[in-house]
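Some notes on the structure that comes next.
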Amino acid sequence: MKKAKTKKYASNILIAVLIIACIFMVGFPIAWMALSSVKPGVELFTIPPRIFPQNWSLEWYKQALANENVIHYFFNSLFIASTVMIIDMVIGSMTAYSLTRFSFRGRRFILMCVLAAYCVPPIMLMLPMYRIMNMLQLSGSHAGVIIGHLTVTLPFSVWLMVSFFKKLPQGIDEAAVMDGANEWQVFIKVDLPLCIPGVLSTGIMAFIMSWNEFLLSSVLVNKESMKTLTVGIANYISSTHIDWGIIMSLGTITTLPVIVLFAMVQKYFVEGMTAGAVKG
Amino acid sequence: MIKKWLSVMLAMILVLLLAACGSSKDEAADTENGREDVSGSYEGEKLIIWTNLTADAQYDVLNKQFAELADEMGVEVSVEKVAFNEMYEKLSTAATSGEVPDIMHTNFGGTAYLYAAKSIMPMDDIINRIGADDFSEAYKTVLTGSDGQIYGLPDWAMHTSVWYRKDIFEDNEIEIPGTWEDFLAAAEKVNTKDVSGFAVPLDGVQVAAQTLYEIMCSAGVYFMDPETGEYCFDQKKDEAVKVIEYLVSLYKNASPAGSLTWSWGDYRNALSVTGTCAMTLDMGAVIGNAQENNPDMTGKLGCFDFPGVDGKKEASFGSGYCFVASPQEGVRNTLVSDFLTALYTPERAAERALSRPMFAFPSYIPSFDLYRESDKVAEFKEEVDYIFDQFENGNWYWYGMEAGLSSMSAYIESTTIFGEALQGACDGTYSAEEAYDLINEDLMAFAASM
Amino acid sequence: MSSDIRVKKKHVVNGYRKKHSMIGLAFSIPVIIFLLVFVLYPVVYNIWLSFTNASLMTGTSEFVGIDNYVRIFSNKLFKKYFWNTCVWTFWSVLGQLLLGLGLALLISRPMRGGTALRSFLLIPYVVPAVALALVTKWIMNSDYGIVSYWMQQAGVLDGRQSLLALQGPAMWVVILLNIWRSYPFPMLIYWAAIKGIDREVMEAAAVDGASKWRTFLHITLPELKNTTIVLAVLRVIWTATYYDLIYMVTGGGPAGSTTHLPILIYQSSFGSFQIGYASAISMILGVLMFICIIFYVSKSDAADS
């Protein structure tokens, strides 16, 4: 009995150590970024480096936000990611409904195409995408970036949602049809509400992917006031001298909103994802 | 709960959408108003201008001057920043779709690319209008295409020197080195655990090629023959391999190990802010860096030219910025010409050169006096005189443009083979000869494809 | 329900299915159009480009047959970059699956603050790659980076050296960063799968006196097999084509040691202006990814039936 107790004690300690290690692993980069952004200039390059600031200062935020483009970056990112999220949720759920609740010919082929689209490297889309946007007169516009992000997120969203819609028993639709509902009503009133956690969590993923996307956003937009946050910050490193203070404040401005937003909606995300999204 | 959250979110997005629509409507209205009146003046015309200058101080001055002119001429100007590491991405996507900006303020490599892509027009008329004699000859040569026309309007120039810590040299009783051997010896002598002798920055994006090229120039090895304009890097293999070997020995004996991936910001910080290196090649930006971030260091910095192999330096790596413009028709052609001409007053040219936190000097001769009177520069009179002298009287080249504009120059700047080869040579993956072969084969393949 | 009504219902439903399968198809039309215009067209365009010598500098474009492919396979650096892609993908995916599984086991233990811990562990999932890249570049700076400083003090690194300037370690750094960013997704999926395992089976095993380790090995792991296959395929495709992180942390250096195919494609397009050649490389990458998907589909078909 005593042995078992010691064993339990040891395993608890092990778990505690593991948890602390995890917290450090996850927290360190973010904490470093946030803490650096409030260090005054003289403390940024101290040797040996210090983790905590001696004096707090908001000068980097003042400098970063004095540049009106930073505000633009932020709202561009927010607008683009929100729109991508909505479109993904709408089109994705419609497609999933279509592919799982009907048995028309070519259904499997469409699903296959969606999967194939998922494995097209974004870098391969980059240049043709730029040309299409020019042809459609969308280059440099938010619509262009949104379409670009959809090419990355939509196949994945459809694929995820198909797995949610598959789980609904066919009988539900049939019962609704018996009650006289048409296809659209079945979709809106029966299937979609049942899949809401899955649809929401897919939307959240799309939002995050869009918010973080760099490559296509960078190729498709030139105008300063149209850039997204990720592209805007990346430009700061490449200039001939690096303002670490400003960069860290911009990094914090980019990261914190998504963390906060995610914390708020996480419940639905977890609920949706664990409704059995990925299963053989 | 879900419903509540969903409706809040939807409302938020609706507001955003409305806001976006609202603003785009405003823009549309603006352009409509603008198009009404074209005859007679430039009223309502719009110029799109790109610049590589992403540092705020430089960008602000350019933007201010553009805005002044836009006001005077009644045109609308939209300025877009294109960072160096994405310059060729932006230029090539723009060039292939015909979306080149009206005017671009760029370096020689960017000019060479746009020239090769046939996206810019000759500037001879504008240069003559401003005054052909007001620009330095060397500068005009480098921007001359194979058809004899000048494709860029020189703005300001830079000259690579060795920037060093005068106090460290004094403490170690070191004379300014005059040969490669002396230079290596000096770098080794001042090299300590905390302060390295000479930083050899080799970041893959542009920096590796620049570091190599300054040493190549000093030994008289070039990519293109300055006389004939033909590719000649393959002709002088032995000398080129020696250059790479020398670069590697500088790295191994006097440079911090991490400098393998250092870019401009890193080595400038090391010399002028943290004081962790005693010498580095630079175009003078270290002064601006020190003035901003570590004023105490400002007085301790000086410069001398990288020496030649046995004393006589064959040439230096010079650089600069110019304005280029895409071909325009009718009234827009005169608009671009008027706009660019108006940028060349002594005051404006000097102000632009001084906005660079490095010793850029104006290429427009009438602005020299104003430039030298500035506080920022007067403090370094000795160094400025020295650089002016070197620039006027020594050979200086920009890689690949030893005999005028060439697509090779854009390629040298954009390819990553220099990083691959030189970083590999320094960490022992390649021998100097293998590194040379990698570079040479890559450049030859490009030359063959043109 | 009487058999009479059942027959009627079946009949109505059958009619409904036949008559309305077209309406069902209509729900897919937005996606079909989108994929045709914004994915299929670019891919076809890419295939065409890969057989030309298209240049982004001169704008020329002539048909050259399979020249680009021949050049790729005769290029000795390509072999190195291809191998880098394999190393990057293999370890990234293995690492995130293992870490994800480990943490899933940890958070599936009943304990106080478990939910909070789970939420906390999900954070890296939303941290933008650009922010992570910037922090990394700084903390690994050879002169003033705190991680470099610690390692230099510990004697792991030479003075004024950085992990990012050393060929092998640079690759490990980007792989670890990628694992850091990617493990939450597998963790969540594994956690859900573990929760879904029949409790009675587990309890029965415990009663039988099976050790935790044996239970894990013989009950938990086999249950997770399908999940693992799906996750692995998804993440392999995502990782092998993922560009942003490496581009922003090392740019493919030092000495090309972290250059993987997406970086190579970017460099061939905008560094060498050889868009035809770059398209050929993306075709190779695309085809490899397609093979992965085929593998996935055959597996999931087997699982369905």
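Per residue, the average separation of C-alpha pairs within less than 8 Å and at least 6 apart gives segment A:58-164 a relative contact order of 45 percent.
The value of relative contact order for chain A, using C-alpha pairs under 8 Å at least six residues apart, is 30 percent.
Legend: residue pairs B:LYS118/B:LYS313; B:LYS193/C:LYS137; B:LYS90/C:LYS137; B:LYS312/B:LYS376, Cα-Cα distance threshold 29 Å; pairs beyond threshold, B:LYS118/B:LYS313; B:LYS312/B:LYS376. Put the Cα centre of segment A:2-24 next to the Cα centre of segment B:370-407 and the gap is 67 Å. Applying the criteria of a DSSP loop state and at most 14 other Cβ atoms within 10 Å to the GluC sites (Glu not before Pro) of segment B:138-244 yields B:GLU173, B:GLU175, B:GLU227, B:GLU230.
Need one number: convex hull volume per residue for the protein assembly as shown, Cα atoms only, in Å³. Intermediate values should be presented prior to the final figure.
Working: hull volume 197.9 nm³, N = 1035.
Looking at the protein assembly as shown, the number lands at 191 Å³ per residue.
Taking the number of Cβ atoms within 10 Å of each Cβ as an exposure proxy, the fewest-first ranking of C:CYS86, B:CYS217 is C:CYS86, B:CYS217.
For segment B:280-350, a crude dipole built from +1 on the beta carbon of Lys and Arg and -1 on the beta carbon of Asp and Glu, taken about the Cα centre, is about 80 debye to the nearest 20.
Can you pull the percent of Cα pairs in chain B with separation above 42 Å?
Numbers: 20917 of 101025 pairs.
Counting every Cα pair in chain B, those more than 42 Å apart make up 21 percent.
Arranged from fewest to most other beta-carbon atoms within 10 Å of their beta carbon, C:LEU98, C:LEU132 become C:LEU98, C:LEU132.
Shape summary of segment A:13-105, radius of gyration then Dmax from alpha carbon positions: 22.8, 68 Å.
Could you give the Stokes-Einstein D for segment A:66-273 in µm² per second, using the C-alpha Kirkwood radius, 4 °C, 1.567 mPa s? In µm²/s, the coefficient is 69. Residue by residue along B:186-192, Cβ atoms of other protein chains within 10 Å of the local Cβ number 0 on average. Counting every C-alpha pair in segment B:328-426, the share spaced more than 23 angstrom apart comes to 54%.
Each of the trypsin sites (Lys or Arg not before Pro) that DSSP puts in a loop and that has at most 15 other Cβ atoms within 10 Å breaks chain B; the longest unbroken stretch is B:313-450. Note on chain B: with charges restricted to the Cβ of Lys and Arg (+1) and Asp and Glu (-1), its dipole about the Cα centre is near 1200 debye.
On the principal axes of its alpha carbon atoms, segment C:56-131 extends 67, 25, 18 Å, with the longest extent given first.
Work out which helices of chain C, taken as complete DSSP H runs, extend at least 27 Å along their axis over the Cα atoms and score a mean Kyte-Doolittle of 1.0 or more, then list them. Provide the component values of the computation, followed by the final result.
Numbers: long enough: C:3-26 (34 Å, -0.69); C:76-107 (46 Å, 1.05); C:275-304 (42 Å, 1.49).
Going by DSSP H runs, the hits are C:76-107, C:275-304.
Computed from the Kirkwood radius of its Cα pairs, the Stokes-Einstein diffusion coefficient for segment B:182-282 at 10 °C and 1.306 mPa s stands at 112 µm²/s. Each part reduced to its alpha carbon centroid, segment B:429-446 and segment B:144-187 end up 25 Å apart.
With neighbour counts taken as other beta-carbon atoms within 10 Å, the residues A:MET209, B:MET401, A:MET273 rank, fewest first, as A:MET209, A:MET273, B:MET401.
Once Rg and the Kirkwood radius are both taken over the C-alpha atoms of segment B:97-144, their ratio Rg/Rh works out to 0.99.
Show me A:15-27, A:174-186 ranked by packing, highest mean number of other Cβ atoms within 10 Å first.
Numbers: A:15-27: 13.4, A:174-186: 15.2.
The packing order, highest mean first, is A:174-186, A:15-27.
Computed over segment B:284-383, the P(r) curve from all C-alpha pair distances, binned at 5 Å from the origin, holds 2, 10, 16, 16, 16, 14, 10, 7, 4, 3, 1, 0 percent per bin. If you run the Gaussian network model on chain C, springs between alpha carbon atoms under 10 Å, then out of C:SER28, C:SER119, C:SER108 the most flexible one is C:SER28.
Here is the size of segment C:77-304 from its Cα atoms: Rg then Dmax, 20.6, 67 Å. Rounded to the nearest 20 debye, the dipole size of chain C about its Cα centre is 840 debye, using +1 on the Cβ of Lys and Arg and -1 on the Cβ of Asp and Glu. Once you reduce segment A:39-97 and segment A:176-233 to the center of their Cα atoms, the two points are 21 Å from each other. Under 14 Å of direct C-alpha separation, and excluding same-chain neighbours fewer than eight residues apart, B:LYS252 reaches these aspartates and glutamates: B:GLU188, B:ASP427, C:ASP158. Mean silhouette area of segment B:129-216, derived from the convex hull of its C-alpha atoms and averaged over all directions, reads 9.2 nm². Translational diffusion coefficient of segment C:112-197 (Stokes-Einstein, Kirkwood radius from Cα pairs, 20 °C, 1.002 mPa s): 145 µm²/s.
Axis of helix A:244-273 versus longest Cα principal axis of chain A: the two differ by about 30°, to the nearest ten degrees.
Taken together, the values in this text are just the output of simple stated rules run on the coordinates, not laboratory data. Just so we're clear, the structure is a prediction, and the values are computed from it rather than from any experiment. Every residue, glycine as well, gets a Cβ built from its backbone with ideal geometry; the counts of neighbours run over all protein chains shown.
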